[in-house]
Each structure stands twice: as C-alpha cells, then as structure tokens.
Amino acid sequence: MNGDVRREWFEKDYYQVLGVAKNATAAEIKKAYRKLAQQHHPDANPGNAEAEERFKEISAAHDVIGDEDKRKQYDQVRDMAAAGSGVGGPGGGGGFPGGAGGFPGGVRFEDLGDLGDLFGGLFGGAGRGSGNRSVRGADLETTVTVAFDDAMSGTTVPVRIQGPAPCETCHGSGAAPGTSPSTCSRCGGSGAVAVNQGLFQMSQTCPVCHGSGRVVETPCPTCGGTGSRRRTRSFQVKVPAGVADGARIRLAGRGEPGPAGGQPGDLFVRVRVQRHAFFGRAGHDLTLELPVTYPEAALGAEVRVPTLNGPITMKVPAGTPNGKTFRLKGKGAPKRGGHGDLLVTTRIEVPRKLSRPEKELLKQLRETEKGSPRRDLGVDA
C-alpha cells in the first residue's frame with residue numbers, strides 16, 4: 001500500500017469532492033461522478049488548467065469510493081483519524097489514548113497492517129516494517145514543441161535535461177567504491193525521529209540522514225557523497241498520435257535521483273503543438289473553414305476538401321448558406337478506438353473585382369430576384 005496515497009486519504013474528503021453523503025449508495029456515487037466528470041472533462045474545457053485539476057480530483061475520488069474494497073479501507077482511515085484527533089492525554093503517543101504507537105482500545109499500529117504504516121508515520125508510532133525510508137528524488141518537467149502533422153501521426157522527439165543525475169562512479173549510493181552506506185544510528189534506519197510537543201509526540205525527518213535511514217561514512221570521490229552529479233542527459237520521447245496541446249508525458253524514474261541511492265523522481269514532458277495553416281481542433285474533432293464560390297453555394301457542387309490522409313470529395317448541396325457546417329465522420333484526430341470527425345464550415349467568397357461580363361450577369365440575376373431578403377426586418381418590401 002502506497003503511504004503517499006493513504007496520506008491523501010487522511011487529508012481529503014472524497015465524499016465532499018463528489019458532493020455525496022458518506023452513506024451514499026454505489027449508484028449515487030457513480031451518478032455524481034459521471035455528472036461532474038462530464039462537466040469538468042478536459043475535452044469540454046480545452047486549455048482550462050483549473051478544470052483539468054478538478055477533473056483529476058474527481059477521478060481520484062471516484063477511484064477510491066467507487067471501489068467497494070478501497071471505500072472500506074478509506075472509511076477505516078477516516079474513522080480512526082477522527083477517533084484520535086484532539087486526544088492527547090498523559091502517556092498518549094501521537095495524540096491517541098491507546099499509548100505510543102496505538103489507537104483507542106489498545107489497538108497497535110502494527111495490528112492494522114498497511115494502515116498502521118500510515119498512522120505510525122503520521123503520529124510517531126512505530127509502524128510495521130520501519131526499515132529504511134528511501135527519500136524520493138524531485139520530479140522534473142520540460143517542454144517540447146511538435147508540428148501539427150507530427151502530433152496527429154505520432155512521433156519521437158529528443159529531450160535534453162541538464163541537472164542532477166546519478167553519479168557514474170557510485171551509481172547513486174554516495175559511497176566510495178568497495179564500501180556501502182551504513183544504517184543511521186540516530187533513527188535506527190527508520191528515517192524519522194520522535195519529537196515531544198507538549199502532550200503530543202510527533203514524527204519528523206531524521207536530521208542526520210535526512211530521511212534516508214542511511215549515512216555515508218566513506219564518501220564517493222567523484223560526487224563527494226551526494227550520489228549525484230550535474231550533467232546533461234538525453235532521452236527519446238515517444239509522442240502518441242493525436243496528442244493534444246498541453247498534454248504531459250511521464251517518464252518514470254527519469255527525474256532527479258534520490259539522496260543516498262533513493263528512488264529517482266519522474267520526468268514530465270509537456271507537449272506544445274504548433275498551429276496548422278488551416279486545421280483547427282476541438283477535442284478529438286478537427287475544424288476547417290472551407291471557401292466556396294457564390295455559384296457553388298447557390299447551385300451546389302462537388303468540392304475537394306483536405307484531410308489528414310489527403311484530399312477527398314465533399315458534396316455541397318444547392319442553396320448552402322454561409323457558415324453551414326458539415327461533419328465528415330472519422331476524419332478528425334486519432335483517439336483510442338478510432339478517430340474524431342472533421343467539421344467543415346463553409347465561407348462564401350465574394351469576388352472583389354469583377355469583369356464586365358460578370359457584372360452584367362449579376363445585374364441580370366438581381367433583376368430576376370423576387371422580393372428583398374430584408375423584408376422580414378420591416379425595412380424593404
């Protein structure tokens with residue numbers, strides 16, 4: 001069980017996120033999730049970072065309380081936290097009257113399995129398996145720019161990152177070749193120490209090993225014991241077909257290395273898609289403004305329309321007005337299970353210069369027209 005995830009359970013009220021009561025049925029939770037997900041989905045709010053974060057929060061909440069087993073564990077975490085909050089009588093460890101490393105009624109952290117690890121870490125208890133707490137390295141983020149056509153077809157782009165990287169000599173351990181880090185004597189390898197604050201006993205990061213649970217006695221001569229060196233790293237990043245502007249691609253373990261051989265962070269690559277000369281985008285659909293002549297719009301015509309896979313023929317019915325939108329199925333951006341659509345909107349072109357014969361033809365047409373198109377406005381007969 002991931003401690004970071006469970007810590008989030010402790011801090012966030014997922015029922016409140018979805019706007020349902022704690023005793024809501026599974027059907028009520030599902031209905032609330034669908035309504036909120038549809039409202040805040042990134043496809044419905046392109047470029048809206050706030051909506052994207054809200055959608056992630058909604059999804060995380062549904063992932064937990066929408067699953068029967070996870071919901072039981074989540075409720076257990078919340079109930080135990082509520083039972084222990086504000087309680088810190090004499091002898092109470094971490095704010096719980098059950099003594100150090102326990103809950104009310106004499107329940108010990110280690111009796112709670114994975115949940116015990118969470119509460120033991122939060123309130124100074126001796127959680128189960130309090131061995132080496134490897135400190136995770138920081139995440140990194142960079143940006144790449146790809147052409148519109150490459151974004152539609154998918155491509156691979158090079159990425160260069162300059163910053164801390166695992167030392168080539170000690171491979172990130174920080175210890176000189178032939179040696180290895182030893183267990184921290186201050187925290188016993190747990191990476192945390194208990195600190196008394198009045199009636200409470202809280203857990204904080206060990207000041208000696210800085211949470212790693214290990215100390216380097218013989219530092220690596222190359223990195224000086226840090227386990228990392230600043231250098232440039234190069235990666236090849238696969239950009240999936242149909243990627244949207246602003247999307248992030250995660251490269252696990254490509255971030256900064258953790259101290260003393262700790263787990264590295266991740267590298268997030270944000271994709272910026274260049275504008276196309278004539279295609280626009282609305283979610284998985286592409287948009288196109290198609291110029292047509294007045295005779296083509298009035299009499300009807302078959303015209304050539306560009307698509308991602310080359311030009312196709314589209315029929316423009318007689319009497320097509322300016323701004324009419326036609327939907328070409330499956331001619332949009334790639335998506336899981338297929339493609340979006342191409343939305344073609346007509347733009348009737350009015351010639352700026354007319355030859356004498358063209359002017360005469362238009363005058364004849366004007367003379368044959370019956371009534372004014374402005375008669376409904378009450379200004380012409």
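The values are calculated or read from the model by the stated rules, or taken from the named source; none is laboratory data. Computed from a prediction, not measured in an experiment: that's the story for all the values here. Because the Cβ atoms are built from the backbone with ideal geometry, glycine has one as well, and the counts that use them run over all protein chains shown.
List pairs: first in the stretch 25-53 and farther than 19 Å from residue 282 by Cβ and not assigned by TED's automatic domain parsing to the domain that holds residue 341, second assigned to a helix (DSSP H, G or I) and of a type in the set (D, E, K, R), Cβ under 9 Å, 6+ apart or cross-chain? Within 9 Å, the pairs are 26/68; 26/71; 29/71; 36/54. Among residues of the stretch 2-32 being closer than 20 Å to residue 79 by Cβ and among the basic types (Lys, Arg), the one that is modelled with the highest pLDDT is 22.
Residues in the stretch 118-139: is at least one buried (at least 22 other Cβ atoms within 10 Å of the Cβ) and at pLDDT 90 or above? No, every residue in the stretch 118-139 fails to be buried (at least 22 other Cβ atoms within 10 Å of the Cβ) and at pLDDT 90 or above. Among the conditions (1) touching a Lys or Arg at 6+ places or on another chain (Cβ under 9 Å); (2) crowded, with 19+ Cβ neighbours inside 10 Å; (3) not in a strand (DSSP E or B), the only one that residue 180 does not satisfy is (2). Counting residues in the stretch 47-61 that are buried (at least 16 other Cβ atoms within 10 Å of the Cβ), of a type in the set (Gly, Ala, Ser), on the phi < 0 side of the Ramachandran plot and not in a helix (DSSP H, G or I) gives zero. Counting residues in the stretch 315-329 that are outside any strand (DSSP E or B), exposed (fewer than 13 other Cβ atoms within 10 Å of the Cβ) and in contact with a helix residue (DSSP H, G or I) (Cβ under 6 Å, 6 or more places away or on another chain) gives one or more. The residues in the stretch 291-314 that are touching a residue at least 40 places away in the same chain (Cβ under 8 Å) and either surrounded by 13 or more Cβ atoms within 10 Å (Cβ to Cβ) or among the acidic types (Asp, Glu) (or both) can be counted, and the count is 5. Summed over the stretch 33-53, residues that are at pLDDT 90 or above and either touching a His at 6+ places or on another chain (Cβ under 7 Å) or under 16 Å from residue 68 (Cα atoms) (or both) total 1. If you check 206, 170 for being touching a Gly at 6+ places or on another chain (Cβ under 7 Å) and in the same structural domain as residue 139 (by TED's automatic domain parsing), only one passes: 170. Within the stretch 227-241, the set of residues being part of a loop (DSSP other than H, G, I, E, B) and either surrounded by fewer than 19 Cβ atoms within 10 Å (Cβ to Cβ) or of a type in the set (A, V, I, L, M, F, W, C) (or both) comprises 240, 241.
Condition check: assigned to a loop (DSSP other than H, G, I, E, B), touching a residue at least 12 places away in the same chain (Cβ under 8 Å) and on the phi < 0 side of the Ramachandran plot. Does residue 354 satisfy that? In short, no. Scanning the stretch 353-369 for residues that are exposed (fewer than 10 other Cβ atoms within 10 Å of the Cβ) and closer than 15 Å to residue 298 by Cβ gives 364, 366, 368, 369. Looking at the stretch 341-349, can you tell me whether even one residue there is assigned to a helix (DSSP H, G or I), in contact (Cβ under 8 Å) with a residue 24 or more places away in the chain and not assigned by TED's automatic domain parsing to the domain that holds residue 153? Looking through the stretch 341-349, none of the residues is assigned to a helix (DSSP H, G or I), in contact (Cβ under 8 Å) with a residue 24 or more places away in the chain and not assigned by TED's automatic domain parsing to the domain that holds residue 153.
Does the stretch 155-168 contain any residue that is small (Gly, Ala, Ser) and at pLDDT below 90? Scanning the stretch 155-168 turns up at least one residue that is small (Gly, Ala, Ser) and at pLDDT below 90.
Here residue 206 fulfils each of the conditions (1) exposed (fewer than 14 other Cβ atoms within 10 Å of the Cβ); (2) at pLDDT below 90 apart from (1).
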